[in-house]
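Q: Sharing a structure here in structure tokens format.
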Amino acid sequence: MQYKLSYYNIVADETRDTMTVWNTKRGSVVELERPVWELLGRGDYADARVAALLDGLRKQGIVVSADLDEYEEIVYNAKMRQYATGQDSIGLVIAPTMACNYHCPYCFEHGAKGQKDVMSSEVVDGIVAAVEKKLSAAPHVKNVRITWFGGEPLLAYGQAIVPLQAKLHALCSRMNVAFRAGIITNGYFLSKEKFDFLFREHNTNFAQVTFDGTEREYCARKGTTPEAYRRAVGNILDLSEYIARNGLKVTINLRLNVDNSNLGDIKEFVRSLKADGRFHNNVMFSLERLRSYDFCKDTNDYCTTPEYEEILSDFEEFIGKPPKVREPKKTFCGQHCMNVFCVGVHGELYKCEHDFGVEAHAVGSIFSGLNYNDYFRRFMDQPLPEKCATCTILPVCMGGCPHRRLELDQAIECEYTVEHLKKSVRKYIEKRRCAQ
């Protein structure tokens, strides 16, 4: 068999004697002697030094068959993952209301949040019936995952969340299917009275709460009061304490929205949280860049990709996050696949949470099923941007957000830069060497 070096090899680090190669398609990191790397580059696979390593290099993806079209392989596997109907899990992102108690200027839902409706009992029962029908028809499905979204989902806690989560949990237990839930909330209504139901009785194992920094920044950006800030922070700390005290496997992810102006304030916020006695290691910090959407307030503070990567590196060092190698993936996100859908207030189906409340982007309903309309086709079938065909980090990016690509006609900024990812690999290698 004839071989060649993978197109998706990146030399992440080198010394006089060695070359450290990261294969983005396989996620492997391999250190090779420089002469061996040079032999591989010349295609000299008959040399004894190369022959001794060849089987391992193939397994690590560093070397591939000479006639393999790796780009087409990636595209094919992505399509297989997108359209596979034999997945062992189904996921629903559910918006029980589009109402919200905050007014964040960067929110992409401004056009939808004027809708104050709350999910009705008919829609609740319709979702349960649709899930039961799916599980009955697909016995290979062994996991159901729901994520509460909004608006602010907890505004519909009693009317929609309580009955729907309890009914879905009972259904899955009866059908011997694992059930898990998550919630994305601003934290204001995430009070102690809800902890038992959500986190101990009905398998909510993930809560994401968004903050913008300390009280001053939070109030300015969300258009709210100091009391609201203190209440949201108190709820998160109470939840951290509750999870630790009850020995629950629940993660709290604090999504920290950053632009070019508020990193220092975010650091101050993190320090203040960690100083509180209720804080435990079940609270994670995730720094996410703000992006411009159609309904966002226009601002000049949004980060470019290189700017965000510098800010992110600074923040991860600040919180002591261990360096890691960016993993390859078959698709950008679950919404680009057939086993994940979003359910709106009235039972309408969407392919992405960014489409909630946009009637023209609905792709069916929980009552009638998927309608395979033009928007569904365009969302699922859009090709990768042309520049991706020659990009060595395609396997870890997969073309970026499919929703943004569709809305912006493929004119989106790249998710990552090669130099930043190489820097992450070098940090990972250094840490691994120090541990030896």
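Q: Any chance you could count how many residues in segment 130-163 are farther than 16 Å from Phe179 by Cβ and in contact (Cβ under 8 Å) with a residue 40 or more places away in the chain?
A: 11
Q: For segment 301-334, which residues satisfy the criterion of being among the hydroxyl-bearing types (Ser, Thr, Tyr) and over 28 Å from Ser89 (Cβ atoms)?
A: Within segment 301-334, Tyr302, Thr304, Thr305, Tyr308, Ser313 meet the criteria.
Q: Run Ala166 past the list (1) surrounded by fewer than 17 Cβ atoms within 10 Å (Cβ to Cβ); (2) in a strand (DSSP E or B) and report the number of the one that doesn't hold.
A: Result: Ala166 passes all but (2).
Q: A further question on this structure: Going by the structure shown, is Gly182 in the same structural domain as Tyr218 (by TED's automatic domain parsing) and under 28 Å from Leu256 (Cα atoms)?
A: Yes; evaluated as a whole, the condition is true for this residue.
Q: Please specify each residue of segment 250-266 satisfying the condition of being surrounded by fewer than 17 Cβ atoms within 10 Å (Cβ to Cβ) and assigned to a loop (DSSP other than H, G, I, E, B).
A: Once the filter is applied, which keeps residues that are surrounded by fewer than 17 Cβ atoms within 10 Å (Cβ to Cβ) and assigned to a loop (DSSP other than H, G, I, E, B), segment 250-266 yields Asn260, Ser261.
Q: From Arg377, Arg326, which residue is touching a helix residue (DSSP H, G or I) at 6+ places or on another chain (Cβ under 9 Å) and among the basic types (Lys, Arg)?
A: Arg326
Q: OK, next. Looking at segment 368-416, which of its residues are of a type in the set (Phe, Trp, Tyr) and under 21 Å from Glu310 (Cα atoms)? Quick ask: steps written out before the conclusion?
A: Residues of segment 368-416 of a type in the set (Phe, Trp, Tyr): 372, 375-376, 379, 416.
Within segment 368-416, just Tyr416 meets the criteria.
So that you can scan it fast, the table gives a plain yes or no per residue for (1) of a type outside the set (Phe, Trp, Tyr); (2) free of Cβ contacts under 8 Å to residues at least 24 places away in the same chain; (3) touching a helix residue (DSSP H, G or I) at 6+ places or on another chain (Cβ under 9 Å):
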residue	(1), (2), (3)
His354	yes, no, yes
Ala362	yes, yes, yes
Thr392	yes, no, yes
Arg405	yes, yes, no
His420	yes, no, yes
Ile429	yes, no, no
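Q: I'd like the full set of residues that are of a type outside the set (A, V, I, L, M, F, W, C), under 20 Å from Ala46 (Cα atoms) and in contact with a helix residue (DSSP H, G or I) (Cβ under 8 Å, 6 or more places away or on another chain), limited to segment 1-22.
A: Listed by number, the residues that qualify are Tyr3, Ser6.
Q: Still on this model: On the basis of being among the acidic types (Asp, Glu) and crowded, with 16+ Cβ neighbours inside 10 Å, does Glu152 make the cut?
A: Yes: the conditions hold for Glu152.
Q: If His354 satisfies all but one of (1) more than 22 Å from Tyr302 (Cα to Cα); (2) assigned by TED's automatic domain parsing to the domain that holds Glu288, what's the number of the condition it fails?
A: (1)
Q: Being touching a helix residue (DSSP H, G or I) at 6+ places or on another chain (Cβ under 9 Å), of a type in the set (Lys, Arg) and loosely packed, with under 15 Cβ neighbours inside 10 Å is the filter here; which residues of segment 23-59 pass it?
A: If the condition is that a residue be touching a helix residue (DSSP H, G or I) at 6+ places or on another chain (Cβ under 9 Å), of a type in the set (Lys, Arg) and loosely packed, with under 15 Cβ neighbours inside 10 Å, then Arg49 is the only one that fits.
Q: Scan segment 272-290 and tell me whether some residue there is touching a residue at least 60 places away in the same chain (Cβ under 8 Å), not in a strand (DSSP E or B) and not hydroxyl-bearing (Ser, Thr, Tyr).
A: Within segment 272-290, one or more residues are touching a residue at least 60 places away in the same chain (Cβ under 8 Å), not in a strand (DSSP E or B) and not hydroxyl-bearing (Ser, Thr, Tyr).
Q: Identify all residues within segment 199-249 that are in a helix (DSSP H, G or I), in contact (Cβ under 8 Å) with a residue 12 or more places away in the chain and among the aliphatic types (A, V, I, L, M); write none if there are none.
A: Ala228, Ala232, Val233, Ile236, Leu237, Leu239, Ile243, Ala244
Q: Helices (runs of 4 or more DSSP H) wholly in segment 319-436 with at least 2 residues that are surrounded by fewer than 14 Cβ atoms within 10 Å (Cβ to Cβ) - which ones?
A: In segment 319-436, the matching helices (runs of 4 or more DSSP H) lie at 374-381, 418-435.
Q: Of all residues being exposed (fewer than 13 other Cβ atoms within 10 Å of the Cβ) and closer than 30 Å to Val21 by Cα in segment 74-98, which is farthest from the chain's Cα centre (by Cα)? Just the residue, please.
A: Step by step, filter segment 74-98, then rank; the result is Tyr76.
Q: Do we have any residue at all in segment 108-121 that's in the same structural domain as Thr331 (by TED's automatic domain parsing) and in a helix (DSSP H, G or I)?
A: Among the residues of segment 108-121, at least one is in the same structural domain as Thr331 (by TED's automatic domain parsing) and in a helix (DSSP H, G or I), which makes the answer yes.
Q: While we're here: Please verify whether segment 52-71 includes one or more residues that are on the phi > 0 side of the Ramachandran plot and either in the same structural domain as Phe149 (by TED's automatic domain parsing) or not acidic (Asp, Glu) (or both). Talk me through it step by step, then tell me what you get.
A: Just the residues of segment 52-71 that are on the phi > 0 side of the Ramachandran plot, to begin with: 61.
With either in the same structural domain as Phe149 (by TED's automatic domain parsing) or not acidic (Asp, Glu) (or both) added as a condition, the list becomes 61.
Within segment 52-71, one or more residues are on the phi > 0 side of the Ramachandran plot and either in the same structural domain as Phe149 (by TED's automatic domain parsing) or not acidic (Asp, Glu) (or both).
Q: Any residue that is within 24 Å of the chain's Cα centre (by Cα) and touching a residue at least 12 places away in the same chain (Cβ under 8 Å) - is there at least one of those in segment 32-40? Walk me through it before giving the result.
A: So in segment 32-40, the residues within 24 Å of the chain's Cα centre (by Cα) come out as none.
No, the conditions are met nowhere in segment 32-40.
The values are calculated or read from the model by the stated rules, or taken from the named source; none is laboratory data. Keep in mind it's a predicted model, so treat the numbers as computed, not measured. With ideal geometry, Cβ positions are generated from the backbone for all residues, glycine too; neighbour counts draw on all protein chains shown.
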